[in-house]
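A quick write-up on the structure given underneath.
The values are calculated or read from the model by the stated rules, or taken from the named source; none is laboratory data. As the structure is a prediction and not an experimental result, all values here were calculated from the model. Here the Cβ positions follow ideal geometry from the backbone for every residue, glycine too, while neighbour counts run over all protein chains shown.
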Amino acid sequence: MSAKSKRVIGGGSVSKAAVWMIGLSVVLFWLPVLGPAIAGFVGGTEARTLGKAMTAALIPAVLVGLLVALLLSAFDLPIIGTVAGIGIGVAVLVQDIPMFIGAAFGAGTAKD
């Protein structure tokens, strides 16, 4: 039995998918809608299921929001940091709509 045939059906990795999505988003930043859609599609095929693909697409927005909140909190601005972190997290989520759509298509076309 080969290594590929041992792969569990419905497998896939949220962490690998998130890394692909973040990496391709950084590389394709100059394509406003198409870049995140491509990143989402590639990450969705890596995730293999719709739930894992959506989770992986959500991770970048959460990380950016937390990073902003932590940075502003480090400068003794905890309330402003929290509000700014939530606001930026929501803005990134709205901007990542193409990534969510791409992730859904990628998960739908993934082969086991």
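Key figures for this structure:
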{"read-out": "Which listed residue, of 26, 68, is at pLDDT below 90 and crowded, with 19+ Cβ neighbours inside 10 Å", "value": "68"}
{"read-out": "Any hit, segment 44-53, residues being among the charged types (D, E, K, R) and within 17 Å of residue 96 (Cα to Cα)", "value": "yes"}
{"read-out": "Candidate set from segment 71-112 (those that are among the charged types (D, E, K, R) and out of contact with any Leu (no Cβ under 9 Å at 6 or more places or on another chain)); member that is surrounded by the most Cβ atoms within 10 Å (Cβ to Cβ)", "value": "112"}
{"read-out": "Which numbered condition residue 103 fails, given (1) within 12 Å of the chain's Cα centre (by Cα); (2) farther than 14 Å from residue 21 by Cα", "value": "(2)"}
